[in-house]
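Student: Sharing a structure here in structure tokens format.
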Amino acid sequence: MYLRILRNDIRRSKAITLTTMLFVAAATMLVALAAVLVVNLSGAIDTLMTQSKTPHFTQMHAGELDTARLAAFAQQNQAVADFQTLEFLNVDGAQFVFESGSLATSVQDNGLAMQSETFDFLLNLDGEVITVADGEIYVPITYIQGGIARVGETVTVAGKRFTIAGALRDSQMQPLLSSSKRFLVSHNDFTALKQFGSVEYLIEFRLHNMDRLGAFEAAYTAAGLEANGPTLTYALFRLFNGLADGLMIAVILLVSVLVIAIAFLCIRFSLLAKIEDDYREIGVMKAIGLRVADIKRIYLTQYVAIAAVGSLLGYGLSLLFRDALLANIRLYMGESANATFAPLLGIFSVTLVFVAISAYVNGVLGRFRHISPAEAVRFGVSQEKAGGGRHFRLSANRWLGTNMFLGIKDVLARKSLYVTMLTVLVLAAFIIIVPQNLHNTIASDTFITYMGVGNSDLRIDIQQTDHIAEKAAEIAAVMANDQAIARFVVLTTQTFRVQLNDSSDERLKVELGDHSVFPLTYAEGRAPAAANEIALSVLNASEMGKTVGDVITLVIDGRTSTLTVCGTYSDLTNGGKTAKAVFSDPSADTMWSVITAELADPTLLDEKIAAYADRFAFAKVSDIDEYIRQTYGGTINAMGAASYAAIGVALALTVLITLLFIRMLVAKDRYAIAVMKAFGFTNADIRAQYVARSVFVLLLGMLLGTLLANTLGERLVGAVMASFGAASFTFIVNPAFAYLLSPLLMASAVLASTFFGTLDAGHIKISENIKD
Amino acid sequence: MQPLIRGENITKSFGVGTEKRNVLDGISVDIQQGEFVAVMGPSGSGKSTLLYALSGMDSVDSGRVIFDGANVSALKENELADLRRTNMGFVFQQPTLLRNLNILDNILLPSMRDGRKHGARLTEKATMLMEKTGIAGLEKRDITQASGGQLQRVGICRALMGDPKIIFGDEPTGALNSTSANEIMRLLAEIHRTGVTILLVTHDVGVATKTERVLFILDGRIAGEYLPGVYDETRDDGKAREEALTAWLAEMNHV
């Protein structure tokens, strides 16, 4: 019997059955994929890092290296299992010439390395330690995958020709987030090319016990060893390696949550519409003594069948797409050690979704318990309590059209019924507006205020080279005599030890120079003017627990000095942890220098950039816009794409839910529609009433959604931005989009769905629904 | 004289294939202006179907319905809605009121579609009708706060709001006790005396005797017609009329 009912029901409501099934399939597919990816990713990272013997602690350093002192430290420290220093020969991108072009425009620091003998191995795609011959070069996999290099082709590095022998996996530097990329060459070739680049050292340690990493880091700092570059740890390498694919998994999981929510809403609306359709029959079944469980089974069978078919379909689809999504992980990290668990976890997650859907259907069907047989048999439709809007009376209405009045009255009287639609519309408005506002903000000219730099035309970076101070002075001397430069400033970043309240100390990067030349916007306070003042980035200030007026103790030129915090500012660069001061200390390690300048005639910008780049090959010369584009261009573009995708998702969601909701309402309101038709209301009148309901809910939804987007949304984004170092983040809203285009898009989606959703109302026959 | 409603050879069937059943089987009927007519017949004989066909609430398979000279069967959906709103009133067995609206708003509902600007006048008229039908003071009440008899009067008030030429009643007393049923019939008789045509479907002999003409339907056709004559409740307790009608109905049922 169940099978017959099932067949008939599916035949009667093909569209809704198919929609529900597709959403269940999509949800299970995404959940299964996410599960499989999580298992594979974590396993593959472990495999890669085990095979590579990734260092537990790496200190990068440019300049002189006291190897004996480092070796002594390693020997004395009980935690150290292994120690080595590797050389990384930083070569200008333009010196790498592939058949398809050079790396001149690459923002990465590309360089040559030799294979290590003890740990931090560079691996081939089979996960084996590469042995490289003279004349051969192994290229970071990202360049092979990106089509820049091909195995078997030749590449010229600083004039020397190499044959590309293969791609290499580098557990330390291969993630895109890592700013350096290692090319592997033989010892002889490395030595031959040494004169064409600057050597940077990787001081690497492996520990007996990773738990002691914190103590080891402190000991390294306390020993005052070489440390003028970034410090990296095993956990960070793991995070970097997992981030790109981890983000993809997070997005898949987020989307799958959304899709499951939609699947639930689909089921809820179609089930409620069905219960309304069959209200009298359900009442009769109860009246003749069938138990609620018996009646439930009839409906449950159908939805369990839909969920089962959808889940199987979803799992099948996940198998189809799995390899494509795993390809990246496999290519960059190799096979996962626990890959065999992946299909099992996939099946488990699909089963979980299936059980959740079945339980949900069972829950919705619980309302059978509340159906009064007498009421159902008598009225044929549920008689929900009319509440609210009591004072909104037709007799007192002088302003609204009767149809509009009836529409709004219905929403007010049955508020609880419209909450779901309202929630979806609020969400949709939120999903449309927040990413768009964020994109608009980070793409705006004023975004530079969050980057810890003042507004100028030109920027010259001198880093990862020797004699930075001398080189900066050389450029400054040229600029001082250059008529085209209206003003300029040299800002040098040096590291200092800062003594914290808990008597421990930490290294602080401080940008020294005259900060009044190109002032930036301070979140609090002002720029440092005196030698005993320091401004902190908001992340540093909050981490140190300092506010404007507090003092911090720095070790300057070997002596402790007390500096007053005079201001805090947003900074998204350098991990958000910087400081600015005006004192000078020639003895401290210089990390880099930046020279910013403003031109007397901004139209000469390109010309000046070319001239300075040509003259000072060791420096990176860029215009400020280009600097932002290089630093955040990818993010801005990705955010733009994401915001358009968000609009698409939100509109699709709006159309689907409104359509399902209105169809459910029409089924529920058959009786009222028949009554109104009997008394002379036309189909157009009925439709107008539904449009009024939709528009009323839409207006409320958009209003709440926009308010939420500009308050909660801004705060949420602000919290995320704050974690990257931007204080007092505010949206820069494009009013034409936020307040005109997005409401228009949503209104069109809702109106079109309401129109199609009410088509059924025209087919409601008075005689069939009123006849006693 | 031209009848207010004329039904010509109306057929109407339900179901398909072997389950197809002719509910109206070529029925023809005339209802004159100002008449008070009852339609009787066994269950499933097609009484209500005839009422819905004559009022344009349901389409017919063949034949046609003429209302006040207009061919109802040829009217479009919107024209039918206008016709119902401006010329017809309906009273059903159940009150058929909207739960979201209070009693006054339910009465105003059809007339307010066109007459929002005359809201005050319409409210005044509704209040007057409520007074006449004995439900004054219930205006702001929710429909759940009134009795079945009171709700049926609300339905009558709503039917009268548009000054209809005819009121269709589908078992208007069917769900009421005899006291309430008598009051509703007294009200309908009063309305009839003002010149409004009334066409009722009923099972109740007591109700039918208070009309001027009784049509008996069997298997989708008019099997007979009975004229109880003009009923005057002040002089007649109605018993003799009821007995005579009952005898006629028995005869009809045997036919």
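Student: Does A:Thr446 qualify as being open to solvent by 40 Å² or more (accessible area, probe 1.4 Å), in a helix (DSSP H, G or I), farther than 16 Å from A:Phe731 by Cβ and of a type outside the set (Phe, Trp, Tyr)?
Tutor: Against the criterion (open to solvent by 40 Å² or more (accessible area, probe 1.4 Å), in a helix (DSSP H, G or I), farther than 16 Å from A:Phe731 by Cβ and of a type outside the set (Phe, Trp, Tyr)), A:Thr446 does not qualify.
Student: A further question follows. Looking only at segment A:568-610, which residues are on the phi > 0 side of the Ramachandran plot and crowded, with 20+ Cβ neighbours inside 10 Å? Lay out the reasoning, then the answer.
Tutor: From segment A:568-610, those on the phi > 0 side of the Ramachandran plot are A:574-576; that's our starting set.
Residue satisfying the conditions is A:Gly576 alone.
Student: Sort out which residues of segment A:339-356 are open to solvent by 60 Å² or more (accessible area, probe 1.4 Å) and either in contact with a strand residue (DSSP E or B) (Cβ under 8 Å, 6 or more places away or on another chain) or at pLDDT 90 or above (or both), and write them in order of number.
Tutor: A:Ile347, A:Phe348, A:Thr351, A:Leu352, A:Val355
Student: Ok, one more. Can you pull out the residues in segment B:91-134 that are of a type in the set (Val, Ile, Thr) and modelled with pLDDT under 90?
Tutor: Selection gives B:Thr96, B:Thr133.
Student: Considering A:Ala588, A:Ala597, A:Ala617, A:Ala611, which residue is in a helix (DSSP H, G or I) and more than 30 Å from the chain's Cα centre (by Cα)? It would help to see each step written out before you state the result.
Tutor: Values: A:Ala588 fails: in a helix (DSSP H, G or I); A:Ala597 fails: in a helix (DSSP H, G or I); A:Ala617 fails: in a helix (DSSP H, G or I).
Unique residue meeting the criteria: A:Ala611.
Student: Pairs only if they're at least six apart or on different chains, beta carbon under 6 angstrom, first in segment B:166-193 and more than 17 Å from B:Thr209 (Cβ to Cβ), second among the hydroxyl-bearing types (Ser, Thr, Tyr); list them, first residue then second.
Tutor: Within 6 Å, the pairs are B:Ile166/B:Thr197; B:Phe168/B:Ser55; B:Asp170/B:Ser48.
Residue by residue, here is whether (1) free of Cβ contacts under 8 Å to residues at least 40 places away in the same chain; (2) out of contact with any Gly (no Cβ under 9 Å at 6 or more places or on another chain) holds:
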residue: A:Thr163; (1), (2): yes, no
residue: A:Arg169; (1), (2): no, no
residue: A:Gln174; (1), (2): no, yes
residue: A:His187; (1), (2): no, yes
residue: A:Phe190; (1), (2): no, yes
residue: A:Glu204; (1), (2): no, yes
residue: A:Asp211; (1), (2): yes, yes
residue: A:Glu217; (1), (2): no, yes
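Student: Got a sec? Which of B:Gly44, B:Gly89, B:Gly56 is within 14 Å of the chain's Cα centre (by Cα) and in a loop (DSSP other than H, G, I, E, B)?
Tutor: Unique residue meeting the criteria: B:Gly56.
Student: With respect to A:Leu698, determine if the residue is open to solvent by 10 Å² or more (accessible area, probe 1.4 Å) and away from chain B (no Cβ under 14 Å).
Tutor: It is false that A:Leu698 is open to solvent by 10 Å² or more (accessible area, probe 1.4 Å) and away from chain B (no Cβ under 14 Å).
Student: Step by step: first the residues of segment A:273-296, then only those that are at pLDDT 80 or above and small (Gly, Ala, Ser), then the one that is least open to solvent (accessible area, probe 1.4 Å). Which residue is that?
Tutor: Per the stated criteria, the residue is A:Gly283.
Student: Kindly provide the set of residues from segment B:143-173 that are among the aliphatic types (A, V, I, L, M), part of a helix (DSSP H, G or I) and more than 10 Å from every other protein chain (Cβ to nearest Cβ), ordered by number.
Tutor: B:Leu151, B:Val154, B:Ile156, B:Leu160
Student: Here is a list: A:Leu751, A:Leu745, A:Leu708, A:Leu741. Which entry is more than 30 Å from A:Ile686 (Cα to Cα), at pLDDT 90 or above and away from chain B (no Cβ under 14 Å)?
Tutor: Numbers: A:Leu751 fails: more than 30 Å from A:Ile686 (Cα to Cα); A:Leu745 fails: more than 30 Å from A:Ile686 (Cα to Cα); A:Leu741 fails: more than 30 Å from A:Ile686 (Cα to Cα).
Criteria check complete, one pass: A:Leu708.
Student: Which residue, of B:Ile198, B:Ile217, B:Ile191, is away from chain A (no Cβ under 14 Å) and within 12 Å of B:Met40 (Cα to Cα)?
Tutor: Of the residues listed, the single one that is away from chain A (no Cβ under 14 Å) and within 12 Å of B:Met40 (Cα to Cα) is B:Ile217.
This table checks each residue for (1) crowded, with 21+ Cβ neighbours inside 10 Å; (2) farther than 30 Å from A:Asn637 by Cα; (3) among the β-branched types (Val, Ile, Thr).
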position	(1), (2), (3)
A:Ile460	yes, no, yes
A:Glu470	no, yes, no
A:Arg497	no, yes, no
A:Tyr522	no, no, no
A:Gly525	no, yes, no
A:Ala530	no, yes, no
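Student: Those residues that are within 7 Å of chain A (Cβ to nearest Cβ) and under 24 Å from B:Thr197 (Cα atoms), I need them from segment B:91-112; list them, please.
Tutor: B:Phe92, B:Gln93, B:Gln94, B:Thr96, B:Leu108, B:Leu109, B:Pro110, B:Met112
Student: Can I ask one more? Every residue in segment B:62-86 that is part of a loop (DSSP other than H, G, I, E, B) and facing another protein chain (nearest Cβ under 10 Å), please.
Tutor: B:Lys76
Student: Just to be sure before I move on: is A:Gln95 free of Cβ contacts under 8 Å to residues at least 40 places away in the same chain, not assigned by TED's automatic domain parsing to the domain that holds A:Ile306 and not β-branched (Val, Ile, Thr) in the structure I sent? First the steps, then the outcome.
Tutor: Numbers: free of Cβ contacts under 8 Å to residues at least 40 places away in the same chain: no; not assigned by TED's automatic domain parsing to the domain that holds A:Ile306: yes; not β-branched (Val, Ile, Thr): yes.
When the stated conditions are applied, A:Gln95 does not pass them.
Student: Return the residue satisfying two criteria in turn: it lies in segment A:82-109 and is of a type in the set (Ser, Thr, Tyr) and under 26 Å from A:Thr231 (Cα atoms), and of such residues it is modelled with the highest pLDDT.
Tutor: Residue satisfying both the conditions and the ranking: A:Thr85.
Student: Considering A:Ser537, A:Ser622, A:Ser561, which residue is crowded, with 22+ Cβ neighbours inside 10 Å and either free of Cβ contacts under 8 Å to residues at least 60 places away in the same chain or in contact with a strand residue (DSSP E or B) (Cβ under 6 Å, 6 or more places away or on another chain) (or both)? Let's see the steps before the verdict.
Tutor: On the way: A:Ser622 fails: crowded, with 22+ Cβ neighbours inside 10 Å; A:Ser561 fails: crowded, with 22+ Cβ neighbours inside 10 Å.
After applying the criteria, what remains is A:Ser537.
Student: In addition: Based on what the data block shows, is B:Leu176 open to solvent by 30 Å² or more (accessible area, probe 1.4 Å) and away from every other protein chain (no Cβ under 12 Å)?
Tutor: Values: open to solvent by 30 Å² or more (accessible area, probe 1.4 Å): yes; away from every other protein chain (no Cβ under 12 Å): yes.
Against the criterion (open to solvent by 30 Å² or more (accessible area, probe 1.4 Å) and away from every other protein chain (no Cβ under 12 Å)), B:Leu176 qualifies.
Student: A follow-up question, please. Here are some residues: A:Ser336, A:Ser311. Which one is open to solvent by less than 30 Å² (accessible area, probe 1.4 Å) and in a loop (DSSP other than H, G, I, E, B)?
Tutor: Checking each option against the conditions leaves just A:Ser336.
Student: Looking at segment B:15-41, which of its residues are assigned to a strand (DSSP E or B), touching a Phe, Trp or Tyr at 6+ places or on another chain (Cβ under 8 Å) and not hydrophobic (A, V, I, L, M, F, W, C)?
Tutor: B:Arg21
The values are calculated or read from the model by the stated rules, or taken from the named source; none is laboratory data. Owing to the predicted nature of the structure, the values given are computational and were not obtained by experimental measurement. We place every Cβ from the backbone using ideal geometry, glycine too, and count neighbours over all the protein chains shown. Heads up: the accessible areas ignore ligands, DNA and RNA and are worked out on the full protein's heavy atoms, side chains in. Shrake-Rupley method; radii C 1.70, N 1.55, O 1.52, S 1.80 Å.
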